[in-house]
1. Where both residues lie in the range 100-323, what percent of DSSP beta bridges are antiparallel, nearest 5?
2. Give me the distance between the Cα centres of the range 162-215 and the range 234-299, rounded to whole Å.
3. Between Gln275 and Ser194, 0.36 nm times their residue separation minus their Cα-Cα distance comes to what?
4. Considering only DSSP beta bridges where both residues belong to the chain, give the percentage that are antiparallel (nearest 5).
5. Mind running the shape call on the range 4-92? Use the C-alpha gyration tensor, a ≥ b ≥ c as the square roots of the eigenvalues: rounded below 1.5 for a/c, prolate if a/b tops b/c, oblate otherwise.
6. Once Lys and Arg get +1 and Asp and Glu get -1 on their Cβ, which of Leu432, Thr18, Val106 lies farthest toward the positive end of the dipole of the chain?
7. Give the distance, in whole Å, between the Cα centre of the range 392-420 and the Cα centre of the range 68-131.
8. Fewest to most neighbouring Cβ within 10 Å: what's the order for Glu300, Glu84, Glu474?
Amino acid sequence: MNNHNIKISNFSNAETVTYPIIKLTGSVQFDANIFCGISKDKRVILHQNDQNTSTSSDLVDNNFKFLVQLSNGKNLITVQYCCESVSVVLEYFPVVSENSVIPLYVICEDHDGCFQAPAWESNTVESACRRISLASKLLQCVTAEKLYEHGLGRKTFGLDGDCRVFRSSTSTQQARNMGQMELWESVGREIMKSSFASECKKYLAFLSCTKYREDKYDEDIIKTHDDLISITDGYVALGGGGLALFGTACLYTWPENFDDIIAKFEDTTPVNRNQFLDDSCYRGTLGGCFSTTLGSVLHELFHTFDLGHTEDGIMGRGFDNIYKVFTLSNKSGDNPSAFPVKIEFKEEFEADSLVERLKTENKKKEFTVIRKFEDVDDTVLSRSCAVILCYHKWFNQTPKQSSLLSFDPSNKLIKSTSGIRVVEVRSIDRELVLNSWVFDGRILKFSFQLPRIEVADENCLIFVEDTVGCILKEKFKTDRF
Ligand SMILES: [Zn+2]
Ligand SMILES: [Zn+2]
């Protein structure tokens, strides 16, 4: 009988990933009556390969959580608590895929590339690129974990190298005078005229010249988030098509180095609104800014992968708490036990059949369901969103495959020669997902009759994705009851 039963819950030995930063979670079960006398503090230690350095995690409700930066090839990871340890070997193989994302730092013609930051933070072009590269890898990790939570495997988008500088021919003043949509169009047009232009790439771009106009800040007048945005020139957070574009007013709250990630999320230093933009969803802290802005980057990047909006979760406004994916959730004082039922089961399982499912599903599935209770955060992805990503061309290495995908508006019949995977009815204005149907089983669905649906507006969008990632999106009139 072990004194402390250490369990890694989300990875098993010899698993392989295609992205460099992973999240490792697990638990330590111990009998309070057994006292081995070695450890007094409840900290779990992680050793990687034969490095002399180690990292530690608090044990919160018997759970631990680590971010691990993997080296190419095999990585021996040992988790130790008190007198015991467990090890797994995880392999990291970066996959060079044709369809990938290029992180870019956009510098205007006459701008020095230094982003707005306090004196003690580095704000050079190199620093910006390091922060953007690191964040891009964190987003690969979140995406993979979210798909894994849906039982779809650890799929994620590929990065075409680290962040690179893009010299724009727009002047700083021109850029600062533009609205969000104008900036998105302007930067997008310039990229597609440059040497970076490719139909196989999506661009995750950040504009260096964003400027929070501290001289315009007056705490009696400027109160809401919209007010703060209105005094930030070159503010942008917009994604779609091939480009997700962001301002850099909060880039200084992002970590530059892997070792600083958790500390940056947990930084409770108040934002000085007399000098910097507070984009923290009213939390007012530097950690809140990092979490909200990183979450919004993921939201916008997912728009470039054709996701619409959902009522809640990442594709709603539920991206502010992305820190919970990486840190132990109850550090924030929230009650994590309030979330599981609401989030995890409303789409996947009928409430009354859940118990039956738990009994009859095979071992792996059962394990998946149990695991969800152990590590739950509120950065959720709806089932149809997750399945869209899973079959998306940017999430698969398969060579260009094609299929015939069609929708007949007269009889509302959808057909695909490779098999339909996701059907969504979205509103036209916000692309809010009103209804969705998912076919992710092994039996292919070659045609689907869209049922009559109850919607407020008869003008809707139909969105369909099939097995090879072909996408159909068009306006149609619903047959209402
Ligand atoms: Zn012990
Ligand atoms: Zn959106």
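1. Values: 7 of 23 bridges.
Of those bridges, close to 30 percent are antiparallel.
2. 18
3. On the way: separation 81, 0.36 × 81 = 29.16 nm, distance 3.50 nm.
Net length gain for the segment: 25.7 nm.
4. Working: 64 of 83 bridges.
Restricted to the chain, the bridges split so that about 75 percent are antiparallel.
5. Details: a/c = 2.26, a/b = 1.93, b/c = 1.17.
It is prolate, given that a/c is not under 1.5 and a/b is the larger ratio.
6. Result: Thr18, furthest along the dipole toward the positive end.
7. 35
8. Values: Glu300 21, Glu84 17, Glu474 11.
Fewest to most other Cβ atoms nearby, the residues stand as Glu474, Glu84, Glu300.
Values in this text are rule-based calculations from the coordinates and carry no lab data. Nothing here was measured: the structure is a model prediction, and the numbers come from that model. Every residue, glycine among them, receives a Cβ derived from its backbone with ideal geometry; neighbour counts consider all protein chains shown.
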